[in-house]
Amino acid sequence: MKAALLKDIRKIEVADISIPEPKEDEILIKVVYSLTCGTDLKAYERGHPYIKYPIVLGHEYVGEIVRKGKDVKEFEIGDIVAGVNSAPCFNCFYCKKFQYNLCENIEDVLLGFKLNGCFAEYMIIPSRIVKVNLFKIEEKDFKKYAMLEPLACVVHGVNILKIQENENVLIIGSGPIGILLAQVCKNITRDVFLLAKHINRIKIAEKLGIKTINVEENYEEEIKKITNNYGFDAVIEAVGTLEAWNLAFKFVRKGGKLMYFGGLKKGTKISLDAYKIHYGELKIFGSFHHDPASVKEAYNFIKQNKIQVQSLITEEMKLENIEKALLSMAEGKNMKVGIIID
């Protein structure tokens, strides 16, 4: 089968490898559609601590079941399915505290990192994912379900914040995650704003009914006007830069909620005003990955068309052009690229 093998940093090639055979509790899918992700780009550009070369990248997918182990009862050959890139073990320290996204054994079944991912003609779905994080698709419009994994991460983060319908929300960042965050928040409250700087992304957000604030204009005065100089009830940082982290802290009001969604490099130090945290009684959260509940909720969001994901797929390319697809994201030409496998 054809597969996009990452052999080292900035060394990816489409090669022929053997079609894997599913174990008794696994499924083999023929990948019918997949999406690029910012994490794929990071892995290509600078590697990843989980990755051992060579590895097939990709973890956002829809596929058709072509083989299954004898112990798999929930699905049948021919089913179109979508899933995410991992599942908890349910046995470790964190799982027993119901913090499934922090599972100590999450990497054991991490597609596109420890296990071969979806930038290939076929992919194995490991048992843990089959049991809790895989869904049968009943409609012809299956491409949108490839967005399940990033949407599940977004849902997980929004659920932590417990946003109320009368609260105003600011999302910093207009990438796919930022726009997904804004859409999920819009299902809760009308006053959702996206702080963005790329005009093409601003246009996409506005077509989705999201209010935007252009960072290239006098955005601080606009924010003061919107919030009557108080700041936002909830602010979500979705860029993953120190500058964005500081902006998020600046624009959350006293008594407000702050979510750091975009990760920074390990060892990065931040400096926050302790006076504002203490006397302003801020609630500060981090968010990482997803859990089975958020995956199911994300699936239902897509199924019920409460989230519009197609506009985030700005181009489609064949598997042979996977490096071009990743580089187009690095250059800012594309948000997400749909990968088509002939």
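The values are calculated or read from the model by the stated rules, or taken from the named source; none is laboratory data. Predicted model only: the values in this text are computed from it and were never measured. Because the Cβ atoms are built from the backbone with ideal geometry, glycine has one as well, and the counts that use them run over all protein chains shown. Note: accessible area is taken over every heavy atom of the protein model, side chains too, but ligands, DNA and RNA are not part of it. Shrake-Rupley method; radii C 1.70, N 1.55, O 1.52, S 1.80 Å.
Quickly run through segment 82-111 and pick out the residues that are in contact with a strand residue (DSSP E or B) (Cβ under 6 Å, 6 or more places away or on another chain) and in a loop (DSSP other than H, G, I, E, B).
85
Out of 274, 330, I need the residue that is open to solvent by 60 Å² or more (accessible area, probe 1.4 Å) and out of contact with any Ser or Thr (no Cβ under 6 Å at 6 or more places or on another chain). Which one?
Values: 330 fails: open to solvent by 60 Å² or more (accessible area, probe 1.4 Å).
Being open to solvent by 60 Å² or more (accessible area, probe 1.4 Å) and out of contact with any Ser or Thr (no Cβ under 6 Å at 6 or more places or on another chain) holds for just one of 274, 330, which is 274.
Which condition from (1) among the charged types (D, E, K, R); (2) open to solvent by less than 70 Å² (accessible area, probe 1.4 Å); (3) free of Cβ contacts under 8 Å to residues at least 60 places away in the same chain is the one that residue 45 breaks?
Of everything listed in (1) among the charged types (D, E, K, R); (2) open to solvent by less than 70 Å² (accessible area, probe 1.4 Å); (3) free of Cβ contacts under 8 Å to residues at least 60 places away in the same chain, residue 45 misses just condition (3).
Looking only at segment 50-59, which residues are out of contact with any helix residue (DSSP H, G or I) (no Cβ under 9 Å at 6 or more places or on another chain) and not hydroxyl-bearing (Ser, Thr, Tyr)? Can you show your working first?
Initially, segment 50-59 is screened for residues out of contact with any helix residue (DSSP H, G or I) (no Cβ under 9 Å at 6 or more places or on another chain), giving 52-54, 56.
Within segment 50-59, 52, 54, 56 qualify.
Within segment 1-22, restricting attention to residues that are out of contact with any strand residue (DSSP E or B) (no Cβ under 8 Å at 6 or more places or on another chain) and part of a loop (DSSP other than H, G, I, E, B), which residue is most open to solvent (accessible area, probe 1.4 Å)?
10
Find all pairs meeting these conditions: Cβ atoms under 8 angstrom apart; at least six residues apart or on different chains; first residue within segment 94-111 and over 17 Å from residue 49 (Cβ atoms); second residue in a helix (DSSP H, G or I) and aromatic (Phe, Trp, Tyr).
Taking only residues 6 or more apart or on different chains, the pairs are 94/100.
Tell me which residues, restricted to segment 249-263, are buried (at least 16 other Cβ atoms within 10 Å of the Cβ) and either in contact with a Leu (Cβ under 9 Å, 6 or more places away or on another chain) or not hydroxyl-bearing (Ser, Thr, Tyr) (or both). It would help to see each step written out before you state the result.
First, pick out the residues of segment 249-263 that are buried (at least 16 other Cβ atoms within 10 Å of the Cβ): 249, 251-253, 256-262.
249, 251, 252, 253, 256, 257, 258, 259, 261, 262 - these are the residues of segment 249-263 that are buried (at least 16 other Cβ atoms within 10 Å of the Cβ) and either in contact with a Leu (Cβ under 9 Å, 6 or more places away or on another chain) or not hydroxyl-bearing (Ser, Thr, Tyr) (or both).
Step by step: first the residues of segment 200-224, then only those that are among the basic types (Lys, Arg) and in contact (Cβ under 8 Å) with a residue 40 or more places away in the chain, then the one that is farthest from residue 297 (Cα to Cα). Which residue is that?
Narrowing segment 200-224 to residues among the basic types (Lys, Arg): 201, 203, 207, 211, 224.
This time we only want the ones that are in contact (Cβ under 8 Å) with a residue 40 or more places away in the chain, so: 201, 207.
Values: 201: 26, 207: 24 Å.
For segment 200-224, the residue satisfying everything is 201.
Residues are listed down the side, and each one gets a yes or a no for (1) surrounded by fewer than 17 Cβ atoms within 10 Å (Cβ to Cβ); (2) at positive phi; (3) among the aliphatic types (A, V, I, L, M):
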| residue | (1), (2), (3) |
| --- | --- |
| 26 | no, no, no |
| 50 | yes, no, no |
| 56 | no, no, yes |
| 63 | no, no, no |
| 100 | no, no, no |
| 115 | no, no, yes |
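For residue 197, state whether it is open to solvent by 20 Å² or more (accessible area, probe 1.4 Å), without any contact (Cβ under 8 Å) to a residue 60 or more places away in the chain, within 22 Å of residue 333 (Cα to Cα) and of a type in the set (Lys, Arg).
The answer is yes for residue 197.
In segment 182-194, what count of residues is obtained for those that are within 12 Å of residue 163 (Cβ to Cβ) and open to solvent by 10 Å² or more (accessible area, probe 1.4 Å)?
Residues that pass the stated criteria total 5.
Could you tell me which of the residues 233, 291, 273, 342 is in contact with a His (Cβ under 7 Å, 6 or more places away or on another chain), touching a residue at least 24 places away in the same chain (Cβ under 8 Å) and not hydroxyl-bearing (Ser, Thr, Tyr)?
291
Does residue 135 qualify as being touching a Gly at 6+ places or on another chain (Cβ under 6 Å), of a type in the set (Phe, Trp, Tyr) and either buried (at least 24 other Cβ atoms within 10 Å of the Cβ) or within 22 Å of residue 24 (Cβ to Cβ) (or both)?
Values: touching a Gly at 6+ places or on another chain (Cβ under 6 Å): no; of a type in the set (Phe, Trp, Tyr): yes; either buried (at least 24 other Cβ atoms within 10 Å of the Cβ) or within 22 Å of residue 24 (Cβ to Cβ) (or both): yes.
So residue 135 fails the test.
Taking residue 109 and the conditions (1) open to solvent by less than 10 Å² (accessible area, probe 1.4 Å); (2) among the β-branched types (Val, Ile, Thr); (3) touching a Cys at 6+ places or on another chain (Cβ under 9 Å); (4) under 19 Å from residue 294 (Cα atoms), which numbered condition does it fall short on, given that it satisfies the others?
Condition not satisfied by residue 109: (1).
I'd like the full set of residues that are within 18 Å of residue 137 (Cβ to Cβ) and assigned to a strand (DSSP E or B), limited to segment 27-60.
Listed by number, the residues that qualify are 27, 28, 29, 30, 31, 32, 33, 34, 35, 60.
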